[in-house]
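Structure record follows, encoded as structure tokens.
The values are calculated or read from the model by the stated rules, or taken from the named source; none is laboratory data. Computed from a predicted structure; not experimentally measured. Each accessible area value is taken on the protein alone, full model and side chains, heavy atoms only, with ligands, DNA and RNA left out. Shrake-Rupley method; radii C 1.70, N 1.55, O 1.52, S 1.80 Å.
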Amino acid sequence: MNLKEFIDVMDSGQTVKANSEAHLFMHAASQEALRLTTELNCRYHTPEEILKIMTQLTGRSVDPSFRLFPPFYTDCGKNIRIGKNVFVNACCCFQDQGGISLADGVLVGHRVTLATLNHGETAENRGDLTPAPIVIGRNVWLGANVTVVPGVTIGDGAIVAAGAVVTRDVPSMTVVGGVPARKIRDVRA
């Protein structure tokens, strides 16, 4: 299996059986992510050096307007898509095998977790993985300590309050908060 085939499997949303070819490829690919994030997190880097590392980590060109404050953690890296003028604050965790898309203008607060995998529920299939993408729309602000679970889309201009756990889609131009996150109000014009 090559990287493209792996991403195709993960983007399909099909369950990945424990010890399958895709599962084993994922574990091998995580070693590169561990190497690159260790380099990123263990010494100072200029913004230009961070861009270079993130380009290696994601396997995609990252726009020069992107900013990241390390440390940053991911266990894959290859299924992250980053728009222009995106800012990711310190201590974020991206479990991106199922796909993470950050549109232009996204602001990600401290300690945000984006998780795109679920495990099987029964003991017999607990090692199986079901991927589902997270899509973050344009100009979204994720407050500190937000968690977004697999399969969630957050609409353009939305704000997610600090500490929220987002378990379902968030409409554009709304403010949500709480556990689980619920609409608080519309974004003020």
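Pull up all non-local amide H partners of N85: gap of 5 or more, or a different chain, and H-to-H distance under 5 Å with H placed in the peptide plane.
S65, F66, G105
In a Gaussian network model over the chain where Cα atoms closer than 10 Å are linked, find which of R35, R168, R60 has the largest mean-square fluctuation.
Per the Cα network of the chain with a 10 Å cutoff, R35 tops the list.
Please label the shape of segment 40-117 as rounded, prolate or oblate, based on the square roots a ≥ b ≥ c of the eigenvalues of the alpha-carbon gyration tensor (a/c under 1.5 means rounded; beyond that, a/b larger than b/c means prolate, else oblate).
Rounded is the answer for segment 40-117, as its axis ratio a/c remains below 1.5.
To make sure I understand the rule: partners must be lysines, Cα under 29 Å from the Cα of K78, and not fewer than 8 residues away in the same chain. Which ones qualify?
Correct list for K78: K4, K17, K52.
For the chain, set up a Gaussian network in which alpha carbons nearer than 10 Å are linked by springs, and say which option among P150, P133, P64 fluctuates the most.
Its mean-square fluctuation being the largest, the pick is P64.
Show me the three semi-axes of the equivalent ellipsoid for segment 117-189, from the C-alpha gyration tensor (sqrt of 5 times each eigenvalue), largest first, rounded to whole Å.
27, 12, 9
Over what distance in Å are the Cα centres of segment 116-131 and segment 1-63 separated?
20 Å
Given a 1.4 Å probe, how much area per residue of the chain is accessible, in Å²?
Result: 49 Å² of accessible area for each residue.
To two decimal places, what compactness ratio does segment 61-173 give when its Cα radius of gyration is scaled by 2.2 N^0.38 Å?
Taking N as the residue count of segment 61-173, the ratio is 1.03.
Under a GNM of the chain (C-alpha, springs under 10 Å), which listed residue has the highest mean-square fluctuation: E121, E21, E32?
Comparing E121, E21, E32 in the GNM, the peak value goes to E121.
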